[in-house]
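Just below is one structure, and these are the notes that go with it.
The values are calculated or read from the model by the stated rules, or taken from the named source; none is laboratory data. Computed from a predicted model, the values in this text were never measured in an experiment. Counting neighbours? That spans all protein chains shown, and the Cβs are built from the backbone with ideal geometry, glycine included. Side chains are part of the model used for accessible areas, which takes the heavy atoms of the whole protein and leaves out ligands, DNA and RNA. Shrake-Rupley method; radii C 1.70, N 1.55, O 1.52, S 1.80 Å.
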Amino acid sequence: MDEEYDVIVLGTGLTECILSGIMSVNGKKVLHMDRNPYYGGESSSITPLEELFKRFDLPEGPPESLGRGRDWNVDLIPKFLMANGQLVKMLLYTEVTRYLDFKVVEGSFVYKGGKIYKVPSTETEALASNLMGMFEKRRFRKFLVFVANFDENDPKSFEGVDPQTTTMRDVYKKFDLGQDVIDFTGHALALYRTDDYLDQPCLETINRIKLYSESLARYGKSPYLYPLYGLGELPQGFARLSAIYGGTYMLNKPVDDIIMENGKVVGVKSEGEVARCKQLICDPSYIPDRVRKAGQVIRVICILSHPIKNTNDANSCQIIIPQNQVNRKSDIYVCMISYAHNVAAQGKYIAIVSTTVETAEPEKEIEPALELLEPIDQKFVAISDLYEPTDNGLESQVFCSCSYDATTHFETTCNDIKDIYKRMAGTDFDFENMKRKQNDVFGEDEQ
(Lines give C-alpha, C1' and ligand atoms only; values in the text may rest on other atoms or scores of the structure.)
Protein backbone atom coordinates (compact mmCIF):
# COMPACT_ATOMS: atom_id res chain seq x y z
CA MET A 1 0.00 0.00 0.00
CA ASP A 2 3.01 2.32 0.49
CA GLU A 3 2.72 3.71 -3.02
CA GLU A 4 1.92 6.92 -4.85
CA TYR A 5 -1.51 7.15 -6.54
CA ASP A 6 -3.15 9.81 -8.67
CA VAL A 7 -6.46 9.40 -6.85
CA ILE A 8 -7.49 7.65 -3.64
CA VAL A 9 -11.21 6.96 -3.20
CA LEU A 10 -12.73 6.27 0.25
CA GLY A 11 -16.11 4.53 0.39
CA THR A 12 -17.72 2.33 -2.28
CA GLY A 13 -21.05 4.12 -2.66
CA LEU A 14 -22.37 4.52 -6.20
CA THR A 15 -20.99 8.07 -6.61
CA GLU A 16 -17.51 6.98 -5.51
CA CYS A 17 -17.50 3.83 -7.69
CA ILE A 18 -18.59 5.70 -10.84
CA LEU A 19 -15.90 8.35 -10.28
CA SER A 20 -13.19 5.74 -9.66
CA GLY A 21 -14.31 3.97 -12.86
CA ILE A 22 -14.10 7.19 -14.91
CA MET A 23 -10.69 8.09 -13.43
CA SER A 24 -9.32 4.60 -14.15
CA VAL A 25 -10.61 4.63 -17.74
CA ASN A 26 -8.88 8.01 -18.13
CA GLY A 27 -5.55 6.44 -17.21
CA LYS A 28 -5.32 7.56 -13.58
CA LYS A 29 -3.76 5.25 -10.99
CA VAL A 30 -6.55 4.68 -8.46
CA LEU A 31 -6.65 3.12 -4.97
CA HIS A 32 -10.17 2.50 -3.68
CA MET A 33 -10.70 1.69 0.01
CA ASP A 34 -13.75 1.07 2.21
CA ARG A 35 -13.86 0.56 5.96
CA ASN A 36 -16.82 -1.83 5.50
CA PRO A 37 -16.45 -5.49 4.48
CA TYR A 38 -19.04 -5.00 1.67
CA TYR A 39 -19.50 -2.78 -1.39
CA GLY A 40 -22.01 0.05 -1.61
CA GLY A 41 -21.62 2.10 1.57
CA GLU A 42 -24.94 3.87 2.15
CA SER A 43 -26.27 2.62 -1.19
CA SER A 44 -25.73 -1.11 -0.67
CA SER A 45 -28.24 -3.98 -0.83
CA ILE A 46 -28.29 -6.11 2.33
CA THR A 47 -28.29 -9.90 2.09
CA PRO A 48 -29.16 -12.34 3.66
CA LEU A 49 -32.31 -11.10 5.42
CA GLU A 50 -30.81 -12.00 8.83
CA GLU A 51 -28.23 -9.27 8.23
CA LEU A 52 -30.98 -6.64 7.74
CA PHE A 53 -32.62 -7.60 11.06
CA LYS A 54 -29.21 -7.32 12.76
CA ARG A 55 -28.57 -3.94 11.18
CA PHE A 56 -31.83 -2.60 12.61
CA ASP A 57 -31.15 -4.14 16.05
CA LEU A 58 -33.91 -6.74 15.83
CA PRO A 59 -32.26 -9.66 17.66
CA GLU A 60 -35.16 -12.11 17.13
CA GLY A 61 -34.29 -12.36 13.40
CA PRO A 62 -36.72 -12.97 10.52
CA PRO A 63 -39.74 -15.27 11.02
CA GLU A 64 -39.91 -18.45 8.95
CA SER A 65 -42.83 -17.03 6.96
CA LEU A 66 -40.35 -14.75 5.14
CA GLY A 67 -38.64 -17.71 3.45
CA ARG A 68 -34.93 -18.24 2.92
CA GLY A 69 -32.73 -15.40 4.12
CA ARG A 70 -30.42 -15.61 1.15
CA ASP A 71 -33.28 -15.01 -1.32
CA TRP A 72 -33.35 -11.38 -0.13
CA ASN A 73 -31.33 -8.36 -1.33
CA VAL A 74 -32.79 -5.30 0.37
CA ASP A 75 -31.74 -1.81 -0.79
CA LEU A 76 -31.06 0.67 1.98
CA ILE A 77 -31.73 3.57 -0.39
CA PRO A 78 -34.63 3.14 -2.81
CA LYS A 79 -34.12 4.51 -6.31
CA PHE A 80 -35.03 3.62 -9.90
CA LEU A 81 -33.16 4.47 -13.11
CA MET A 82 -34.80 6.74 -15.70
CA ALA A 83 -34.61 4.71 -18.93
CA ASN A 84 -33.32 7.73 -20.84
CA GLY A 85 -31.51 9.32 -17.91
CA GLN A 86 -27.88 10.07 -17.16
CA LEU A 87 -27.08 6.92 -15.19
CA VAL A 88 -28.25 4.64 -18.02
CA LYS A 89 -26.08 6.70 -20.37
CA MET A 90 -23.11 6.19 -18.02
CA LEU A 91 -23.80 2.43 -17.90
CA LEU A 92 -23.98 2.23 -21.71
CA TYR A 93 -20.89 4.32 -22.39
CA THR A 94 -18.76 2.33 -19.94
CA GLU A 95 -20.35 -0.99 -21.03
CA VAL A 96 -21.01 -1.78 -17.37
CA THR A 97 -24.38 -2.97 -18.74
CA ARG A 98 -22.68 -6.29 -19.51
CA TYR A 99 -22.51 -7.05 -15.76
CA LEU A 100 -26.16 -6.25 -14.99
CA ASP A 101 -29.67 -7.23 -16.02
CA PHE A 102 -32.53 -4.77 -15.79
CA LYS A 103 -36.31 -5.03 -15.69
CA VAL A 104 -38.79 -2.26 -16.47
CA VAL A 105 -40.77 -1.06 -13.47
CA GLU A 106 -44.41 -1.86 -14.19
CA GLY A 107 -46.14 1.38 -13.36
CA SER A 108 -45.96 4.87 -11.97
CA PHE A 109 -48.84 6.11 -9.83
CA VAL A 110 -49.83 9.37 -8.22
CA TYR A 111 -51.89 9.98 -5.07
CA LYS A 112 -54.94 12.24 -5.12
CA GLY A 113 -57.60 12.57 -2.44
CA GLY A 114 -56.61 9.38 -0.64
CA LYS A 115 -56.58 7.20 -3.78
CA ILE A 116 -53.89 6.28 -6.28
CA TYR A 117 -54.11 6.72 -10.05
CA LYS A 118 -51.82 5.72 -12.89
CA VAL A 119 -49.72 8.68 -14.02
CA PRO A 120 -50.89 9.66 -17.53
CA SER A 121 -47.91 10.61 -19.64
CA THR A 122 -49.01 9.95 -23.20
CA GLU A 123 -51.92 11.57 -24.99
CA THR A 124 -53.86 8.28 -25.05
CA GLU A 125 -53.40 7.71 -21.33
CA ALA A 126 -54.26 11.32 -20.55
CA LEU A 127 -57.56 11.00 -22.41
CA ALA A 128 -58.43 7.78 -20.57
CA SER A 129 -57.37 8.97 -17.11
CA ASN A 130 -59.81 9.50 -14.21
CA LEU A 131 -57.54 12.20 -12.78
CA MET A 132 -59.11 14.95 -14.89
CA GLY A 133 -62.40 16.06 -16.31
CA MET A 134 -62.99 16.16 -20.06
CA PHE A 135 -62.10 19.82 -20.71
CA GLU A 136 -59.05 19.59 -18.46
CA LYS A 137 -57.90 16.60 -20.55
CA ARG A 138 -57.99 18.64 -23.74
CA ARG A 139 -55.92 21.40 -22.17
CA PHE A 140 -53.45 18.91 -20.73
CA ARG A 141 -53.15 17.23 -24.13
CA LYS A 142 -52.32 20.59 -25.73
CA PHE A 143 -49.69 21.15 -23.03
CA LEU A 144 -48.10 17.71 -23.69
CA VAL A 145 -47.96 18.40 -27.43
CA PHE A 146 -46.32 21.78 -26.70
CA VAL A 147 -43.70 20.12 -24.50
CA ALA A 148 -43.02 17.33 -27.02
CA ASN A 149 -42.46 19.85 -29.85
CA PHE A 150 -40.47 22.30 -27.72
CA ASP A 151 -36.89 22.76 -28.92
CA GLU A 152 -34.78 25.34 -27.11
CA ASN A 153 -32.82 25.98 -30.33
CA ASP A 154 -35.92 26.65 -32.42
CA PRO A 155 -37.84 29.81 -31.42
CA LYS A 156 -40.74 28.74 -33.70
CA SER A 157 -41.56 26.04 -31.14
CA PHE A 158 -41.79 28.50 -28.20
CA GLU A 159 -45.42 29.63 -28.78
CA GLY A 160 -44.70 32.93 -27.00
CA VAL A 161 -42.85 31.28 -24.08
CA ASP A 162 -39.30 32.44 -23.35
CA PRO A 163 -37.39 29.42 -21.94
CA GLN A 164 -35.02 31.64 -19.92
CA THR A 165 -37.49 34.10 -18.41
CA THR A 166 -41.07 32.71 -18.47
CA THR A 167 -41.76 30.92 -15.18
CA MET A 168 -43.38 27.49 -15.09
CA ARG A 169 -46.29 29.02 -13.19
CA ASP A 170 -46.97 31.23 -16.24
CA VAL A 171 -46.71 28.28 -18.64
CA TYR A 172 -49.39 26.44 -16.62
CA LYS A 173 -51.54 29.61 -16.74
CA LYS A 174 -51.09 29.83 -20.51
CA PHE A 175 -52.61 26.34 -20.87
CA ASP A 176 -55.15 27.03 -18.10
CA LEU A 177 -54.22 23.90 -16.13
CA GLY A 178 -55.89 23.29 -12.74
CA GLN A 179 -54.14 22.60 -9.43
CA ASP A 180 -54.43 18.78 -9.56
CA VAL A 181 -52.90 18.65 -13.03
CA ILE A 182 -50.13 21.04 -11.96
CA ASP A 183 -49.47 18.75 -8.97
CA PHE A 184 -48.98 15.60 -10.96
CA THR A 185 -47.14 17.35 -13.82
CA GLY A 186 -44.60 18.96 -11.50
CA HIS A 187 -44.21 16.04 -9.12
CA ALA A 188 -44.97 12.85 -11.05
CA LEU A 189 -43.66 13.87 -14.51
CA ALA A 190 -41.00 16.53 -13.81
CA LEU A 191 -40.24 14.75 -10.50
CA TYR A 192 -39.74 17.83 -8.35
CA ARG A 193 -39.90 17.26 -4.58
CA THR A 194 -41.20 20.74 -3.71
CA ASP A 195 -43.02 23.60 -5.47
CA ASP A 196 -40.01 25.94 -5.61
CA TYR A 197 -39.70 25.24 -9.35
CA LEU A 198 -42.94 27.14 -10.15
CA ASP A 199 -41.24 30.53 -9.99
CA GLN A 200 -38.10 29.53 -11.87
CA PRO A 201 -37.56 29.70 -15.66
CA CYS A 202 -39.54 26.93 -17.38
CA LEU A 203 -36.75 25.38 -19.50
CA GLU A 204 -35.56 22.96 -16.80
CA THR A 205 -39.12 21.72 -16.14
CA ILE A 206 -39.86 21.28 -19.84
CA ASN A 207 -36.64 19.25 -20.22
CA ARG A 208 -37.56 17.12 -17.21
CA ILE A 209 -40.99 16.30 -18.67
CA LYS A 210 -39.30 15.48 -22.00
CA LEU A 211 -36.89 13.14 -20.17
CA TYR A 212 -39.88 11.40 -18.57
CA SER A 213 -41.72 11.01 -21.88
CA GLU A 214 -38.62 9.84 -23.77
CA SER A 215 -37.80 7.36 -21.00
CA LEU A 216 -41.36 6.07 -21.10
CA ALA A 217 -41.25 5.76 -24.89
CA ARG A 218 -38.31 3.33 -24.65
CA TYR A 219 -40.16 0.54 -22.87
CA GLY A 220 -43.80 1.55 -22.55
CA LYS A 221 -44.89 0.50 -19.05
CA SER A 222 -43.08 3.20 -17.08
CA PRO A 223 -39.96 5.32 -17.54
CA TYR A 224 -38.08 3.44 -14.80
CA LEU A 225 -35.66 0.50 -14.79
CA TYR A 226 -34.39 -1.57 -11.87
CA PRO A 227 -31.46 -4.02 -11.75
CA LEU A 228 -32.02 -7.68 -10.89
CA TYR A 229 -30.52 -8.53 -7.46
CA GLY A 230 -30.85 -4.93 -6.25
CA LEU A 231 -29.14 -1.57 -6.52
CA GLY A 232 -26.03 -2.90 -4.76
CA GLU A 233 -25.12 -4.37 -8.16
CA LEU A 234 -24.51 -0.87 -9.59
CA PRO A 235 -21.47 0.18 -7.50
CA GLN A 236 -20.01 -3.32 -7.98
CA GLY A 237 -20.36 -3.03 -11.76
CA PHE A 238 -18.41 0.24 -11.83
CA ALA A 239 -15.86 -1.20 -9.38
CA ARG A 240 -15.22 -4.01 -11.89
CA LEU A 241 -14.71 -1.37 -14.58
CA SER A 242 -12.11 0.39 -12.42
CA ALA A 243 -10.36 -2.91 -11.65
CA ILE A 244 -10.13 -3.80 -15.37
CA TYR A 245 -8.25 -0.53 -15.86
CA GLY A 246 -5.81 -1.26 -13.06
CA GLY A 247 -7.67 0.23 -10.07
CA THR A 248 -6.76 -1.38 -6.71
CA TYR A 249 -9.59 -2.29 -4.30
CA MET A 250 -9.35 -2.85 -0.54
CA LEU A 251 -12.48 -3.62 1.51
CA ASN A 252 -12.51 -3.91 5.31
CA LYS A 253 -9.70 -1.34 5.44
CA PRO A 254 -9.88 1.17 8.30
CA VAL A 255 -8.95 4.76 7.46
CA ASP A 256 -6.95 6.17 10.39
CA ASP A 257 -6.09 9.58 9.03
CA ILE A 258 -6.20 11.81 5.96
CA ILE A 259 -2.80 13.49 5.74
CA MET A 260 -2.72 17.16 4.74
CA GLU A 261 0.30 19.36 4.04
CA ASN A 262 -0.12 23.14 3.65
CA GLY A 263 -3.89 22.71 3.35
CA LYS A 264 -3.61 20.13 0.55
CA VAL A 265 -4.20 16.37 0.73
CA VAL A 266 -1.06 14.25 0.27
CA GLY A 267 -2.13 10.80 1.46
CA VAL A 268 -4.21 8.43 3.56
CA LYS A 269 -2.98 6.49 6.59
CA SER A 270 -4.34 3.00 7.26
CA GLU A 271 -3.03 0.36 9.67
CA GLY A 272 0.32 2.10 10.03
CA GLU A 273 0.94 2.51 6.28
CA VAL A 274 0.58 5.65 4.18
CA ALA A 275 -0.65 5.68 0.57
CA ARG A 276 0.21 8.99 -1.09
CA CYS A 277 -2.11 10.74 -3.54
CA LYS A 278 -2.68 13.93 -5.49
CA GLN A 279 -6.48 13.94 -5.14
CA LEU A 280 -8.97 12.31 -2.78
CA ILE A 281 -12.64 11.41 -3.34
CA CYS A 282 -14.80 10.30 -0.40
CA ASP A 283 -18.29 10.18 1.06
CA PRO A 284 -19.23 12.47 3.99
CA SER A 285 -18.64 9.78 6.65
CA TYR A 286 -14.87 9.95 6.07
CA ILE A 287 -14.50 13.71 6.65
CA PRO A 288 -17.07 14.79 9.27
CA ASP A 289 -15.21 18.09 9.82
CA ARG A 290 -15.62 19.17 6.18
CA VAL A 291 -19.37 18.63 5.77
CA ARG A 292 -22.53 20.29 7.06
CA LYS A 293 -25.91 18.76 7.82
CA ALA A 294 -28.45 19.80 5.22
CA GLY A 295 -31.57 18.05 6.55
CA GLN A 296 -32.81 14.52 7.14
CA VAL A 297 -34.53 11.77 5.17
CA ILE A 298 -36.77 9.10 6.65
CA ARG A 299 -36.90 5.76 4.86
CA VAL A 300 -39.13 2.88 5.91
CA ILE A 301 -38.50 -0.54 4.40
CA CYS A 302 -41.75 -2.58 4.45
CA ILE A 303 -42.01 -6.28 3.69
CA LEU A 304 -45.40 -7.26 2.24
CA SER A 305 -47.01 -10.53 1.17
CA HIS A 306 -49.23 -8.85 -1.42
CA PRO A 307 -49.00 -6.29 -4.25
CA ILE A 308 -50.14 -2.74 -3.44
CA LYS A 309 -53.90 -2.19 -3.86
CA ASN A 310 -55.11 -0.40 -7.02
CA THR A 311 -51.85 -0.96 -8.93
CA ASN A 312 -53.25 -3.79 -11.12
CA ASP A 313 -51.20 -6.25 -9.04
CA ALA A 314 -47.95 -4.77 -10.42
CA ASN A 315 -44.85 -6.57 -9.16
CA SER A 316 -43.00 -3.25 -9.19
CA CYS A 317 -44.17 0.35 -9.16
CA GLN A 318 -43.59 3.85 -7.91
CA ILE A 319 -46.17 5.95 -6.09
CA ILE A 320 -45.72 9.68 -5.67
CA ILE A 321 -47.71 11.54 -3.04
CA PRO A 322 -47.50 15.23 -4.05
CA GLN A 323 -46.91 17.52 -1.06
CA ASN A 324 -50.11 19.54 -1.65
CA GLN A 325 -52.22 16.40 -1.22
CA VAL A 326 -50.98 15.88 2.35
CA ASN A 327 -50.23 19.48 3.43
CA ARG A 328 -46.46 19.18 3.25
CA LYS A 329 -43.59 21.04 1.64
CA SER A 330 -42.01 17.94 0.04
CA ASP A 331 -43.37 14.83 -1.64
CA ILE A 332 -43.56 11.33 -0.17
CA TYR A 333 -42.34 8.48 -2.39
CA VAL A 334 -43.01 4.75 -2.43
CA CYS A 335 -40.76 2.41 -4.45
CA MET A 336 -42.00 -1.16 -4.67
CA ILE A 337 -40.14 -4.17 -6.07
CA SER A 338 -40.51 -7.89 -5.44
CA TYR A 339 -39.45 -11.49 -5.95
CA ALA A 340 -39.64 -10.79 -9.72
CA HIS A 341 -36.35 -8.84 -9.34
CA ASN A 342 -34.57 -11.54 -7.29
CA VAL A 343 -34.60 -9.30 -4.21
CA ALA A 344 -37.20 -11.12 -2.09
CA ALA A 345 -38.47 -14.63 -1.38
CA GLN A 346 -41.17 -16.05 -3.68
CA GLY A 347 -44.47 -14.16 -3.34
CA LYS A 348 -42.94 -11.36 -1.23
CA TYR A 349 -42.74 -7.64 -1.98
CA ILE A 350 -40.51 -4.85 -0.67
CA ALA A 351 -41.98 -1.34 -0.52
CA ILE A 352 -39.75 1.50 0.63
CA VAL A 353 -41.31 4.79 1.70
CA SER A 354 -39.11 7.89 1.78
CA THR A 355 -39.40 11.62 2.26
CA THR A 356 -37.52 14.66 3.49
CA VAL A 357 -38.14 15.12 7.24
CA GLU A 358 -40.08 18.30 8.05
CA THR A 359 -41.20 17.89 11.70
CA ALA A 360 -40.02 16.45 15.00
CA GLU A 361 -42.19 13.35 14.35
CA PRO A 362 -40.98 11.90 11.04
CA GLU A 363 -42.88 8.62 11.42
CA LYS A 364 -46.18 10.51 11.54
CA GLU A 365 -45.25 12.31 8.31
CA ILE A 366 -45.24 9.11 6.26
CA GLU A 367 -48.50 7.65 7.59
CA PRO A 368 -50.45 8.42 4.36
CA ALA A 369 -47.97 6.21 2.45
CA LEU A 370 -47.98 3.38 5.00
CA GLU A 371 -51.80 3.27 4.85
CA LEU A 372 -51.55 2.40 1.14
CA LEU A 373 -49.35 -0.61 1.98
CA GLU A 374 -51.44 -2.31 4.70
CA PRO A 375 -51.11 -5.04 5.88
CA ILE A 376 -47.33 -4.80 6.46
CA ASP A 377 -45.46 -7.93 7.64
CA GLN A 378 -42.34 -6.17 8.89
CA LYS A 379 -41.10 -2.57 9.05
CA PHE A 380 -37.56 -1.19 9.30
CA VAL A 381 -37.33 2.55 10.02
CA ALA A 382 -34.19 4.57 9.25
CA ILE A 383 -33.78 8.32 9.74
CA SER A 384 -30.60 9.54 8.06
CA ASP A 385 -28.87 12.89 8.18
CA LEU A 386 -28.14 14.45 4.78
CA TYR A 387 -24.66 15.91 4.46
CA GLU A 388 -23.07 18.18 1.88
CA PRO A 389 -19.42 19.27 1.68
CA THR A 390 -18.38 22.69 3.00
CA ASP A 391 -15.17 22.52 0.96
CA ASN A 392 -15.27 22.54 -2.87
CA GLY A 393 -11.88 20.79 -2.96
CA LEU A 394 -10.19 23.29 -5.27
CA GLU A 395 -7.53 24.14 -2.65
CA SER A 396 -7.46 20.95 -0.56
CA GLN A 397 -8.01 18.52 -3.49
CA VAL A 398 -10.41 16.65 -1.18
CA PHE A 399 -13.66 16.05 -3.11
CA CYS A 400 -16.62 14.89 -1.05
CA SER A 401 -19.92 13.58 -2.42
CA CYS A 402 -23.36 14.60 -1.11
CA SER A 403 -25.59 12.16 0.78
CA TYR A 404 -28.29 10.41 -1.29
CA ASP A 405 -31.48 12.50 -1.23
CA ALA A 406 -35.13 11.43 -1.01
CA THR A 407 -35.72 11.43 -4.80
CA THR A 408 -36.52 8.05 -6.33
CA HIS A 409 -34.20 8.34 -9.31
CA PHE A 410 -30.47 8.90 -9.85
CA GLU A 411 -30.50 12.21 -11.73
CA THR A 412 -29.38 14.25 -8.68
CA THR A 413 -26.61 11.70 -7.95
CA CYS A 414 -25.39 11.99 -11.55
CA ASN A 415 -25.35 15.79 -11.27
CA ASP A 416 -23.14 15.44 -8.17
CA ILE A 417 -20.78 13.10 -10.10
CA LYS A 418 -20.51 15.57 -13.00
CA ASP A 419 -19.91 18.45 -10.59
CA ILE A 420 -17.12 16.60 -8.71
CA TYR A 421 -15.55 15.57 -12.03
CA LYS A 422 -15.51 19.19 -13.22
CA ARG A 423 -13.82 20.38 -10.01
CA MET A 424 -11.24 17.57 -10.17
CA ALA A 425 -10.40 17.74 -13.86
CA GLY A 426 -10.94 21.47 -14.39
CA THR A 427 -13.03 20.73 -17.51
CA ASP A 428 -16.72 20.05 -18.05
CA PHE A 429 -17.86 16.45 -17.72
CA ASP A 430 -18.34 14.76 -21.09
CA PHE A 431 -19.89 11.31 -21.45
CA GLU A 432 -17.24 10.58 -24.11
CA ASN A 433 -14.65 10.55 -21.28
CA MET A 434 -16.29 7.39 -20.00
CA LYS A 435 -15.96 5.35 -23.17
CA ARG A 436 -13.79 2.30 -22.84
CA LYS A 437 -10.70 2.55 -25.00
CA GLN A 438 -10.68 0.10 -27.92
CA ASN A 439 -8.75 -3.17 -27.58
CA ASP A 440 -7.94 -2.82 -23.92
CA VAL A 441 -10.74 -4.76 -22.35
CA PHE A 442 -8.45 -7.12 -20.49
CA GLY A 443 -9.58 -10.69 -20.12
CA GLU A 444 -13.13 -9.95 -21.22
CA ASP A 445 -13.08 -11.07 -24.84
CA GLU A 446 -13.58 -14.74 -24.04
CA GLN A 447 -16.80 -14.17 -22.08
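Overview of values
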| quantity | calculated |
| --- | --- |
| Dipole magnitude of the stretch 107-218 about its Cα centre (Cβ charges: Lys, Arg +1; Asp, Glu -1), debye to nearest 20 | 500 |
| Most fluctuating residue given options GLY272, GLY114, GLY232, as computed from a GNM of the chain linking Cα atoms under 10 Å | GLY272 |
| Per-residue [θ]222 nm for the chain (sum of -39500 (n - 2.57) over DSSP H runs n ≥ 4, rounded to 500) | -7500 deg cm²/dmol |
| Under 5 Å, built H, 5+ apart or other chain: amide partners of VAL119 | SER108, PHE109, VAL110 |
| Overall Cα dimensions of the chain - principal axes, largest extent first, Å | 71, 60, 51 |
| Mean separation of Cα contacts under 8 Å (6+ apart) over length of the stretch 107-218, as relative contact order % | 26 |
| For LEU370, solvent-accessible area (1.4 Å; no DNA, RNA or ligand), Å² | 20 |
| Average accessible surface area per residue within the stretch 107-218, 1.4 Å rolling probe, Å² | 48 |
| Considering only the chain, percent of DSSP beta bridges that pair antiparallel, nearest 5 | 70 |
| Directionally averaged projected area (convex hull, Cα atoms, the stretch 1-50), nm² | 4.1 |
| Top of GLU106, GLU358, GLU273 by mean-square fluctuation, Gaussian network on the chain, Cα under 10 Å | GLU273 |
| Mean Cα-pair separation over length for the chain, i.e. relative contact order, pairs under 8 Å, 6 or more apart, % | 24 |
| Computed lengthening from ALA148 to GLU50, 0.36 nm per intervening residue step minus Cα-Cα distance | 30.5 nm |
| Portion, in percent, of the accessible area of the chain that falls on carbon or sulfur, probe 1.4 Å | 46 |
| Cα centre as origin, Lys/Arg/Asp/Glu Cβ charges: the stretch 313-413 dipole, Debye | 300 |
| Dipole of the chain, positive end: most advanced residue of ILE301, THR12, LEU189 [Cβ charges, Cα centre] | LEU189 |
| Derived scalar couplings ³J(HN,Hα) [the stretch 155-161; Karplus, 6.51 cos²θ - 1.76 cosθ + 1.60; whole Hz; x for Gly, Pro] | x, 4, 8, 6, 6, x, 9 |
| Chain lengthening between ALA128 and LEU92 when straightened (0.36 nm per residue, less Cα-Cα) | 9.5 nm |
| For the stretch 107-218, alpha-carbon Rg over 2.2 N^0.38 Å | 1.01 |
| Base-10 log of normalised Debye intensity for the stretch 362-437 (one unit scatterer per alpha-carbon) at q = 0.14 Å⁻¹ | -0.67 |
| Nonlocal amide H pairs with THR166, under 5 Å, H built at 1.01 Å | CYS202 |
| Estimated distance in nm for a label pair at GLU395 and ASP2, the labels positioned 7 Å out from Cα along Cα-to-Cβ | 3.3 |
| Average Cα contact separation per residue, the stretch 1-114, under 8 Å, 6 or more apart, as relative contact order % | 19 |
| Rounded to whole Hz, the Karplus (6.51, -1.76, 1.60) HN-Hα couplings of the stretch 278-291, x for glycine and proline | 9, 9, 10, 10, 7, 8, x, 5, 8, 9, x, 7, 10, 10 |
| The stretch 386-424 and the stretch 41-90: distance between their alpha carbon centers, rounded to Å | 24 |
| Total lysine pairs whose alpha carbons fall under 27 Å of each other in the stretch 319-447 (8 or more apart, or interchain) | 9 |
| Cα centroid of the stretch 316-380 to Cα centroid of the stretch 195-254, whole Å | 20 |
| Separation in nanometres of the label points that stand 7 Å from Cα toward Cβ, at ASN312 and LYS422 | 4.0 |
| Dipole moment magnitude, nearest 20 debye, the chain about Cα centre, only Lys, Arg, Asp, Glu C-beta charged | 1040 |
| Residues in the stretch 339-358 reached by a label modelled at LEU58 [backbone nitrogen below 15 Å; 7 Å Cα→Cβ] | 344-345, 348-353 |
| Gaussian network model of the chain, Cα within-10 Å springs - most flexible of GLU64, GLU214, GLU42 | GLU64 |
